[in-house]
Amino acid sequence: MTHDIIKLLVADLADARSVDMWLPRAPLLGLKPLIPSLKLIAEQDVDTEPVTVWVEPDPDGYLSAEAMEARRGGVNIRPCTPILESSAVIDDVVWTSTGSLLGPDPGVVLRTRHAGFADAVRRAQRRRPGIAPGSGQLGDDCGRCARMLVRFEVGRRGLPTVGYGCVHCDSSSRSGRGPRLALRDRLDLAGPHRRR
């Protein structure tokens, strides 16, 4: 993670009104310096959460230390798996990277300022609500183990399917039900379009 990337991100976050980030699993070393700016944006008096940071949890369902610190700091952190994109949309600026944008090795990073492009990326990558809270909404904690519930975006018979549950408490090894997660009763089978 270079300091130049963080400086540019902090500059983009100054006076921003909305932020959507998608961060694949990695040590999110670049998240901590962004927490104060993200918190200021999150404190706006608007109908939906203006900040949503989607992070890929560890296989056991726990979030990285950096993601937990951001959550305790008032940032809307949302676990989701898998996260295939690594990007951020900050108002009309789109950031993309070949690695995890805020990880130790973000790879090739591109920054583009274009309102129409930012709107298109936001619409294509935002998670829609339904069985699992989507972008602009707060997540929930498991009532049993207090881990955050994870949004699972898994294919079922070739169609995108959204599940929502606790990696630990809803695992097939604990419940004796289907493979991976026992989310049969919590699947969104509304159709092939999973994002708005």
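The values are calculated or read from the model by the stated rules, or taken from the named source; none is laboratory data. If you're wondering where the values come from, they're calculated on a predicted model, not measured in any experiment. Here the Cβ is made from the backbone with ideal geometry for all residues, glycine too, and neighbour counts use every protein chain on show. Heads up: the accessible areas ignore ligands, DNA and RNA and are worked out on the full protein's heavy atoms, side chains in. Shrake-Rupley method; radii C 1.70, N 1.55, O 1.52, S 1.80 Å.
Of all residue pairs spaced 6 or more apart or on separate chains, those with beta-carbon atoms under 6 Å, a first member in the stretch 107-133 that is within 16 Å of Val93 (Cβ to Cβ) and a second member that is of a type in the set (Phe, Trp, Tyr) are Arg111/Trp95. Within the stretch 24-43, if we keep just the residues that are of a type in the set (A, V, I, L, M) and either open to solvent by 30 Å² or more (accessible area, probe 1.4 Å) or out of contact with any helix residue (DSSP H, G or I) (no Cβ under 8 Å at 6 or more places or on another chain) (or both), the residue that is farthest from Gly74 (Cα to Cα) turns out to be Ala26. Assess whether Asp92 counts as being modelled with pLDDT of 95 or more and either of a type in the set (D, E, K, R) or surrounded by fewer than 21 Cβ atoms within 10 Å (Cβ to Cβ) (or both). Answer is yes for this residue. Each residue in the stretch 9-26 was checked for being of a type outside the set (Asp, Glu) and within 21 Å of Gly139 (Cβ to Cβ), and 8 of them qualify.
Considered as a group, the residues in the stretch 44-61 that are under 13 Å from Asp20 (Cα atoms) and touching a residue at least 60 places away in the same chain (Cβ under 8 Å) include one that is most open to solvent (accessible area, probe 1.4 Å), and that residue is Thr48. Suppose we filter the stretch 72-89 for residues that are touching a residue at least 60 places away in the same chain (Cβ under 8 Å) and either open to solvent by 20 Å² or more (accessible area, probe 1.4 Å) or assigned to a loop (DSSP other than H, G, I, E, B) (or both); how many remain? Number of matching residues: 6. Residues that are of a type outside the set (Gly, Ala, Ser) and in a loop (DSSP other than H, G, I, E, B) were ranked within the stretch 1-23; the one that is farthest from Asn76 (Cα to Cα) is Thr2.
So, in the stretch 108-144, exactly how many residues are in a loop (DSSP other than H, G, I, E, B) and either open to solvent by 40 Å² or more (accessible area, probe 1.4 Å) or of a type in the set (Val, Ile, Thr) (or both)? Looking only at that region, the number is 12. Scanning the stretch 33-58 for residues being charged (D, E, K, R) and in contact with a Gly (Cβ under 9 Å, 6 or more places away or on another chain) gives a total of 4.
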